[in-house]
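Peer 1: The structure is given below, and queries will be raised subsequently.
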Amino acid sequence: MGRPLRIDHPGAYHHVTNRGRNKQDVFGDDDDRELFVDYLRTTISLGLIELHAFALMSNHYHLLIRSCTDHGLSRTMQHIGGGYTLDFNRKYGFDGALFKGRFFSKLIDNERYLMEVPRYIANNPVKAGLVRRPADYRWSSQAVVLGHPDAIDIPLAHDIVATYFDGNPQAFDQFVRRHDTKSAAEFERVIHSQLPDHSLQSSLDTINTALLQLDGLTRRSPSLLSLTTALTDYVCSSLDVPIIGILLPHDDVTQAAQGLLLTLLHRSDLATLTDLATAFGFSFGQGASRSIRRFERTTQRDPALSALLNTGLSILDRAA
C-alpha cells in the first residue's frame with residue numbers, strides 16, 4: 001500500500017514533527033539548534049512557508065507551519081531534512097539517516113484545534129521538565145511571542161495571537177499555560193496515536209470511533225467496566241502506552257499492549273470474542289482470537305511479556 005499523499009497548498013496549516021532514529025539526539029548543542037533555525041529562516045525568506053510555532057527539543061522537534069506555495073511544506077522539509085542532516089553528520093562524524101524517517105505531519109483542517117497546536121508545542125519543554133513556564137524555554141516560539149530577552153531571532157507569524165487573542169501576547173500565554181482542557185487532551189491523543197492519515201479531522205474521527213467502541217464494551221455491566229478500567233490502567237502503565245495506542249496500535253510495543261489487554265479480558269470470561277472484536281475494531285471474532293494467540297506465542301519467548309501476563313492474571317484472580 002502506498003503512503004498517503006500530503007495535502008499541501010497555499011494557506012494550509014500543518015503540525016510537523018520528527019525525532020531521531022532510534023530516539024537519538026538530533027541536537028547535540030545550541031549551535032545545532034541555531035543551524036536548524038537558520039534552515040528555517042531560509043525557507044521563510046524564500047516565501048515557502050510561514051512559521052507560527054516551534055519547539056526544538058533534544059531528540060525531536062515540533063513546528064506549526066502554514067504553506068505559502070504549492071508544496072511549500074514538502075520543499076521546506078526536504079531542505080531542512082537533507083541540509084541539516086548533512087551538516088550534523090559532518091560535525092559529529094556520523095553517516096546515514098539522522099531522523100526516524102519521513103517527517104510526520106497533520107493538516108489542521110478543524111479551526112477549533114488550530115490554537116491547540118501552539119499550546120501543545122509550547123508545553124513540550126514544560127512536560128519534559130526543562131522549564132516551569134513555556135516562555136522560559138529559549139528554543140521555542142513562546143519565548144519569541146512574549147519577547148523573552150533570550151528568545152532567538154526568527155520571523156515568526158503572529159496571526160493566531162492577532163486573530164484569537166486581539167493581539168495580546170499575555171492573553172495567549174494564559175491560554176497556553178492552561179493546558180488541562182478537553183480539546184487539549186483530544187489533540188494530544190492524535191499526536192500519540194501516530195495515525196498515518198494527514199488530516200487532523202480524520203484522525204479525530206478515527207480516535208473517537210475507537211473510544212466509543214471500547215465504551216460500548218464497558219457499558220455492558222458494572223463489573224466489566226471496573227475490570228476493564230483496572231486492566232487498561234495496568235497495561236498502559238506497565239508498557240508506558242496511552243489507551244489510544246492500545247486501540248490503534250502502530251508499533252511492536254502498542255501491538256503487545258493490545259494483545260495483553262485482549263488476552264486478559266478474554267480470560268476474565270466477562271466478554272466474548274465477538275464483544276472484544278467489536279470493542280477493538282476487528283471485523284470478526286476470529287480477528288480478536290488470532291491477536292490473542294499471537295500474543296500468547298510471543299510470551300513463550302519473551303520473559304518480560306510473560307511476567308506482565310502473569311501479573312495481569314493475578315489482578316483477575318483478586319477481582320474474582
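Peer 1: Starting from residues that are in a loop (DSSP other than H, G, I, E, B) and more than 15 Å from the chain's Cα centre (by Cα), keep the ones in the stretch 48-60 and report whichever is surrounded by the most Cβ atoms within 10 Å (Cβ to Cβ).
Peer 2: LEU48
Peer 1: I'd like to verify a number: residues in the stretch 142-168 that are of a type outside the set (A, V, I, L, M, F, W, C), surrounded by fewer than 17 Cβ atoms within 10 Å (Cβ to Cβ) and assigned to a helix (DSSP H, G or I), how many?
Peer 2: 3
Peer 1: Does any residue of the stretch 61-76 turn out to be touching a Phe, Trp or Tyr at 6+ places or on another chain (Cβ under 6 Å) and buried (at least 16 other Cβ atoms within 10 Å of the Cβ)?
Peer 2: There is at least one residue in the stretch 61-76 that is touching a Phe, Trp or Tyr at 6+ places or on another chain (Cβ under 6 Å) and buried (at least 16 other Cβ atoms within 10 Å of the Cβ).
Peer 1: Would you point out which residue out of ARG219, ARG267 is within 27 Å of LEU195 (Cα to Cα) and of a type in the set (Lys, Arg)?
Peer 2: ARG219
Peer 1: In addition: From the list LEU217, LEU195, LEU200, which residue is in contact (Cβ under 8 Å) with a residue 40 or more places away in the chain and either over 30 Å from SER105 (Cβ atoms) or of a type in the set (Phe, Trp, Tyr) (or both)?
Peer 2: Selected residue: LEU217, the only one of LEU217, LEU195, LEU200 that is in contact (Cβ under 8 Å) with a residue 40 or more places away in the chain and either over 30 Å from SER105 (Cβ atoms) or of a type in the set (Phe, Trp, Tyr) (or both).
Peer 1: Kindly indicate the residue of the stretch 68-100 that is charged (D, E, K, R) and part of a loop (DSSP other than H, G, I, E, B) and also farthest from PRO10 (Cα to Cα) among those meeting that condition.
Peer 2: Restricting to residues being charged (D, E, K, R) and part of a loop (DSSP other than H, G, I, E, B), the top hit is ASP95.
Each row is one residue, and each column tells you yes or no for (1) within 29 Å of GLN201 (Cβ to Cβ); (2) of a type in the set (A, V, I, L, M, F, W, C); (3) touching a residue at least 12 places away in the same chain (Cβ under 8 Å).
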| residue | (1), (2), (3) |
| --- | --- |
| MET57 | yes, yes, yes |
| ARG66 | yes, no, yes |
| ARG75 | yes, no, yes |
| PHE88 | no, yes, yes |
| PHE99 | yes, yes, yes |
| SER105 | yes, no, yes |
| VAL126 | yes, yes, no |
| GLN142 | yes, no, yes |
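Peer 1: Run GLU116 past the list (1) crowded, with 16+ Cβ neighbours inside 10 Å; (2) under 27 Å from HIS9 (Cβ atoms); (3) at pLDDT 95 or above; (4) touching a helix residue (DSSP H, G or I) at 6+ places or on another chain (Cβ under 6 Å) and report the number of the one that doesn't hold.
Peer 2: Going through (1) crowded, with 16+ Cβ neighbours inside 10 Å; (2) under 27 Å from HIS9 (Cβ atoms); (3) at pLDDT 95 or above; (4) touching a helix residue (DSSP H, G or I) at 6+ places or on another chain (Cβ under 6 Å) one by one, GLU116 breaks only (3).
Peer 1: Taking the condition of being surrounded by 14 or more Cβ atoms within 10 Å (Cβ to Cβ), closer than 22 Å to ASP153 by Cα and without any contact (Cβ under 8 Å) to a residue 40 or more places away in the chain, how many residues in the stretch 5-40 meet it?
Peer 2: Residues meeting the conditions: 2.
Peer 1: Mind checking which pairs have a first residue in the stretch 281-308 that is surrounded by 15 or more Cβ atoms within 10 Å (Cβ to Cβ) and a second that is aromatic (Phe, Trp, Tyr), Cβ under 7 Å, 6 or more apart or different chains?
Peer 2: What qualifies is ALA288/PHE280; ALA288/PHE282.
To keep it simple, each residue is scored yes or no on (1) part of a helix (DSSP H, G or I); (2) closer than 30 Å to LYS100 by Cα; (3) touching a Gly at 6+ places or on another chain (Cβ under 9 Å).
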| site | (1), (2), (3) |
| --- | --- |
| THR232 | yes, yes, no |
| GLY245 | yes, yes, no |
| GLN255 | yes, yes, no |
| GLN258 | yes, yes, yes |
| THR263 | yes, no, yes |
| HIS266 | yes, no, no |
| ILE292 | yes, yes, yes |
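The values are calculated or read from the model by the stated rules, or taken from the named source; none is laboratory data. All of these numbers come straight from a predicted model, not from anything done at the bench. As a convention, Cβ positions derive from the backbone with ideal geometry for all residues, glycine included, and neighbour counts pool all protein chains shown.
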